Each structure stands twice: as structure tokens, then as C-alpha cells.
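This report concerns only the one structure given below.
Any read-out appearing in this document is the output of simple, stated calculations on the displayed coordinates, not a laboratory observation. Here the structure is a predicted model, which is why all the values come from computation and not from measurement. Please note: Cβ atoms are built from the backbone with ideal geometry, for glycine as well, and neighbour counts cover all protein chains shown.
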Amino acid sequence: RRREPPAPLPQWKGRGSTAHLREILLGRCFSYAGLLHPELRKDCLKIWEAFEKAFISKNPCNITEEDYQPLMALAAHPIPCNKTLLWSKTNELAHQYTKVRGDLLTLEDTLLGYMADGLMWCGSPSSAEMNYQSCPHWRECANNPNSIYWKMASRIFAEAACGVVHVMLNGSISQPFGNSSIFGSVEVHHLNPKRVHLMKVWVIHNLSAQSSDSCSKSSIKELKSILEGRNIAFSCKGDHRAVQLIQCVGNPEEPACRAC
Ligand code: N1C
């Protein structure tokens, strides 16, 4: 009797699930929740099962926040007031800053961000396996497992913020505040004005670019007006010395670094 060959997995344009995803995610969970923050008392096996259940055997273009609800509930933990650092298009620098200074926390310094940082994952309706070959690129479909995860984790992170919130934006691109970025479309709109009274914006430049007056750029003014419309005060700084010193560690010969 002839057996049907397994149905081929769909070919998407994005990179496939990260090899050894289970081991990496579990390892990161044990490292964050077991070693770094044992007081959180998280059950990492349960967290992995909830993670997997969100997208396994499902159409990777049809993922909803509901799929991730159980995971987000299991992994949630408190974040202290005045410690939130948001960012957009400054991924590396923002994380270097929190590592060096230790006074602010990004989403990657929470369990949900720490576990998933840099990883890719998706499944397919015809199989109980992960698709290691390819996953939908966000341009193919917005409701893919990765995009929904970051959107939802970012929303929860913003909702939990209180006191003063910081954001690091990239002043070397034409729109430091982009209203289709996760920062511009999700986080800004989910800060709770009853708990967050001020957003401090840092606009960072490439060392080689002469720093123009970035805080007066129209893109930053748009952010100011959205925040003030939501009753959250706004302040902006075009050059932050501690951040520039971090940039200078990597490029000590830059003219901008000579006076450091
Ligand atoms: O779309 P963005 O930036 O504005 O998203 C950044 C914003 C931060 O404030 C974070 O709190 O949203 C949160 N966030 C992450 O923490 C994160 N880690 C990794 C959003 N996205 C994150 N990623 C991946 O980077 C994810 O794949 C997402 O699509 C990109 C967004 O980066 P961006 O455009 O520079």
C-alpha cells in the first residue's frame, strides 16, 4: 500500500524558525527566571508549552493576540516605576545603554523580551512541527506569530509603565518618530496617562552626522502633540552625553569623540 508523502510546508519569504528554538527559549527562561530573578517563581516548562500552543498547527498568517493570551499571563511580572526605556530604530544602542548603566529597562530586560529576542518562529496548519524552512515576512502578512508577539508584548510593557518613561529615537533617519513603528503605533497609545506623567525623548545621532536641532524636527513635534493630547508631558534632548560616550567606545577616533 502506497503511503502519501507528507504535505510540503508552505514557502514564505521570511527566514524560518530558529534552529533549536525550544532549547534556546527554555534556556533563556531558566536563565532569566531561575538564575537572574528567582523571586519570580516562573514555571518555564509551562511557559514553553503556552508559547508553542500559540502558533503550532495554525495558519501563520492568522495569529491573534488571543493566541498569546495564556503565555502573556504566565510570563507577566512587575516593572518598577520610572525605569521604562522604549526605543525605535536604535535597537543595539538602547540595549547597550541599559547593560552599561543599569538604571533603565527595555522590554528585552523583561522575561517576554529576553526569551524571544532575535528569534523567529512559525508553524503550519498541516503539521504539528515548527516550520524551519521559512516564515511569513511581515510584508506577506501582518498577523504572523512574530509580529503579533512583539506587538502584544510591547503593548503590555507600555501599559505597565509608570512615572517617567524614556524613549531613545534615531535622529539620523528622516522620521525618528514613525507612526507605523511599534513605538509609534502601539506603545505611545498604550501608556496610561493616569500613571505616566512625562516622556523624556532622547534623539540620538550617528557620530559622523553633525547634530542638527533634532528636537524641532516635524516628526518629533508630531510625537509631542500626540503625547500632550493624551495628557502626558513631553521633554526632548538632542544629545545625551552618556549615550554618546557609549557610541564613542566603538569609534574613539571620531572627531565627535575627541573631547570626550
Ligand atoms: O517598531 P519599533 O522599532 O518602534 O519597536 C520598538 C519598540 C520598543 O520600544 C520595544 O519596547 O517596541 C518594543 N519592541 C521590542 O522590544 C523588540 N525587540 C525586538 C519591538 N520590536 C522588537 N524587536 C524586533 O524589532 C521585532 O521583530 C520588531 O518588528 C522590530 C522592530 O524594531 P524597530 O522598527 O526598530
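See the values below:
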read-out: Mean residue ellipticity (222 nm) of the chain, computed from DSSP H runs ≥ 4 via -39,500 (n - 2.57), nearest 500; value: -10000 deg cm²/dmol
read-out: Extension gain (nm, one decimal) between residue 15 and residue 140, 0.36 nm per residue minus Cα-Cα; value: 43.8 nm
read-out: Between helix 241-250 and the chain: long-axis angle, C-alpha atoms, 0 to 90°, nearest 10; value: 60 degrees
read-out: Neighbour count of at most 10 Cβ within 10 Å plus DSSP loop: longest trypsin sites (Lys or Arg not before Pro)-free window in the chain; value: 42-138
read-out: Euclidean distance between Cα centres, segment 110-148 to segment 240-254, Å; value: 35 Å
read-out: Mean-position separation - Cα centroids, segment 61-96 and segment 12-26, in angstrom; value: 19 Å
read-out: C-alpha long axis of helix 91-101 to longest principal axis of the chain, angle in °; value: 70 degrees
read-out: Net dipole in debye of segment 172-242 [+1 Lys, Arg Cβ; -1 Asp, Glu Cβ; about Cα centre; nearest 20]; value: 240 debye
read-out: Summed residue charge, Cβ within 12 Å of residue 173's Cβ, Lys/Arg positive, Asp/Glu negative; value: +2
read-out: DSSP-defined beta bridges in the chain - what % are antiparallel, rounded to 5; value: 15 percent
read-out: Likely footprinting exposure, 173, 246, fewest C-beta neighbours within 10 Å first; value: 173, 246
read-out: Max mean-square fluctuation residue, GNM over the chain, Cα-Cα springs under 10 Å, options 146, 170, 206; value: 206
read-out: Folded to 0 to 90 degrees: helix 145-160 orientation relative to the chain principal axis, Cα; value: 50 degrees
read-out: Cβ-placed point charges (K, R +1; D, E -1), dipole of the chain about Cα centre in debye, nearest 20; value: 200 debye
read-out: Candidates 26, 112, 169: whichever shows maximal mean-square fluctuation once the chain is modelled as a Gaussian network with Cα springs under 10 Å; value: 26
